[in-house]
Amino acid sequence: MQYELVIKGGKIATQSDIFTADIGISAGKIVAIGANLSSAKQEINAHGKWVLPGGVDSHCHIEQLSGAGIMNADSFETATRSAAYGGTTSVISFAAQHVGMRLNKVVADYAKLAQQGAIIDYAFHIIVADISDKNLSEDLPKLISQGHRSIKIFTTYDKVRLQDEQILDTLLCARENGALVCFHAENDGLLRWMSKKLLQKGYSTPNFHVQSHPRIAEIEAINRMIQFSKFIDQPIVIFHVSTIEGIELIRAAQTEGIKVFAETCPHYLFMDADELASPKIETAKKLCSPPQRRKADQHALWDALERGDLQIISSDHAPYRFDETGKLSNGANAPFNAIANGMPGLELRLPLMFDAMVSRGKLGIKKFVELTATAPAQIYNLAGKGSICIGADADIAIWDGEKQVTLGENDLHDNTGYNPFVGRTIKGWPETVLLGGNIIIHNGELKAKPGSGKFINRAMGESMRPTGNLVSEMNPELNFGAEIY
Ligand code: DUC
Ligand code: ZN
Ligand code: ZN
């Protein structure tokens, strides 16, 4: 058999195995894995290199208008270019509804932007902010059946959050149509009350962002969303878990049999609240919600990743330039609650995690592959993604495990213009990246064109299936025969 491409002699890692082999690729797929594969139109020598599945980043904000009306710094082109440079080959970004918009149109608009700009494959979480009109009765079921199998809900942020009753309606809609529901879980009242109190006392500089997002806000909202998930029997994902107590709630729910998945992000693992201690406006560069927490939380997050309580590491890439278009859109003296939240993360998610997990040995390379590629692909049902096996998409990153890189202020390929991890030296870097068997990055050069990434149409997956365990009030046998579902 003649292959279009053979990757020779690399050390392959999957979530379950490490072995040395050649990989034969044809028509965009992995068609052979074995020794001495020959007869290829093109060969890549990977001796001495790691050959890993391309990364799957399942939480990133691209070309998105925030709840406060501030535009991301990145287009699909710049964000996915940056992802590719960092070894990521699939992203799930957001189709973000705002109040008054029809979901159909929102998704069509984002789909068009991605189609024109993306250089890696993509899917969308649909942000539901307005369930009125026919959004829930018509648009959402149709969009789910068209392959958009995940929904995101905010429990906070004035202009986009849903009320409890609306959350229950949306969970039920997801249950009936087969989709996951993801949450930004923080208690809105608590955040607003704390911001008001801090500002009344004159505490307005960026460092007070941490106090304005008390850990109890996360704990309360995670707990409430878990109880809702149990009540409706609808699988959920808790985004960006940052606290010990949040982990404990998730772990207890999973032990009880509630279908709760969860992620954390590099900025919670590698940064703590001390990074936000300065009252200077530069602190705005690292403002995100929830905020970075304590060293003890970092340790707990690592333990939770090891045990499997948290299954995914995403970037939560939310790029805003450090100027009047982004972080400083309300001026250089803006109070902490008028500064756009988020930081760039698409490009460095994998190198930071590789450095910690592989070069420094924390949890090892199989767990690295699992958390950053295989598990997000499985949980969100991105067929063909996140693993190296026969029949998988040939989305592959070839890593030089010895390469050391010291991060500069503006050396990323996104459009944010700064690097929150500047000054760190990390070991291990993806030098060649393939998408569907095509080389898209090689030795620091981009080889792909905007628009070459494809939409990943998702079927209903196992993670989305309800457990069948009904609380008594929802169980017709115990509830006077009332059928709620
Ligand atoms: N927080 C969010 O909720 N979204 C984007 C980035 C952030 O910090
Ligand atoms: Zn969020
Ligand atoms: Zn986010």
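Couple of notes before you dig in:
- Ligands, DNA and RNA left out, the accessible area of the range 133-289 computed with a 1.4 Å probe is 51% carbon and sulfur.
- Helical mean residue ellipticity (222 nm; -39500 (n - 2.57) per DSSP H run of 4+; nearest 500) of the chain: -7500 deg cm²/dmol
- For GLN163 and THR467, the FRET efficiency from 1/(1 + (r/R0)^6), where r spans their Cβ atoms and R0 equals 25 Å, is about 0.45.
- Once the 1.4 Å probe is applied to the protein heavy atoms, the chain comes out at 38 Å² accessible per residue.
- Pairwise label distance in nanometres, PHE19 with ASP411, each label 7 Å out on the Cα-Cβ vector: 3.7
- In this structure, the pairs whose alpha-carbon distance is over 25 Å, taken from LYS159/LYS197; LYS285/LYS385; LYS49/LYS366; LYS152/LYS197, are LYS285/LYS385; LYS152/LYS197.
- Relative packing of 151-157, 63-69, 313-319, which averages over residues the other C-beta atoms within 10 Å, highest first: 313-319, 151-157, 63-69
- The range 80-221: C-alpha gyration tensor shape, a/c 1.5 cut-off, then a/b vs b/c: oblate
- Summed residue charge, Cβ within 15 Å of LYS49's Cβ, Lys/Arg positive, Asp/Glu negative: -1
- Each 5 Å bin from 0 upward holds the following percent of the Cα-Cα pairs of the range 379-458: 3, 12, 16, 20, 20, 16, 11, 3, 0.
- Charge tally around HIS61: other residues with Cβ under 10 Å, Lys/Arg +1 each, Asp/Glu -1 each, net -3.
- Global form of the range 4-137, assessed from the alpha-carbon gyration tensor, a/c cut-off 1.5: prolate
- Summed residue charge, Cβ within 12 Å of MET194's Cβ, Lys/Arg positive, Asp/Glu negative: +3
- Expressed as a whole percent, the accessible area of the range 355-472 that falls on carbon and sulfur atoms is 47 (1.4 Å probe).
- Ligands, DNA and RNA left out, the accessible area of the range 1-101 computed with a 1.4 Å probe is 50% carbon and sulfur.
- For peptides 367-376, 214-223, 93-102, 196-205, sequence by mean Cβ density within 10 Å, most packed first: 367-376, 214-223, 93-102, 196-205
- Ordered by solvent-accessible area of protein heavy atoms (1.4 Å probe), largest first, the residues SER90, SER132 come out as SER132, SER90.
- Cα gyration tensor shape of the range 310-437, rounded if a/c is under 1.5, else prolate or oblate by comparing a/b with b/c: prolate
- Residues whose amide H falls under 5 Å from that of LEU5, counting only those 5 or more places apart or on a different chain, are ILE25, LYS41, GLN42, with hydrogens built in the peptide plane.
- Proximal aspartates and glutamates relative to LYS362, as straight alpha-carbon distance under 16 Å, when same-chain residues fewer than 8 apart are discounted: ASP303, GLU306, GLU370
- At 0.692 mPa s and 37 °C, Stokes D of the range 87-135 from Kirkwood alpha-carbon radius, µm² per second: 285
- Protection proxy ranking, highest mean first, for peptides 383-390, 40-47: 383-390, 40-47, where packing is the per-residue count of other beta-carbon atoms within 10 Å, averaged.
- Radius of gyration over Kirkwood radius for the range 253-354, both on Cα atoms: the Rg/Rh ratio is 1.04.
- Quotient of the Cα radius of gyration of the chain and 2.2 N^0.38 Å, N being its number of residues: 0.95.
The values are calculated or read from the model by the stated rules, or taken from the named source; none is laboratory data. On a predicted model such as this, the values are computed, not experimentally measured, just so you know. Cβ coordinates were reconstructed from backbone atoms using ideal geometry, including for glycine residues, and neighbour counts include every protein chain displayed. Calculation scope for accessible area: heavy atoms of the full protein, side chains included, ligands and nucleic acids excluded. Shrake-Rupley method; radii C 1.70, N 1.55, O 1.52, S 1.80 Å.
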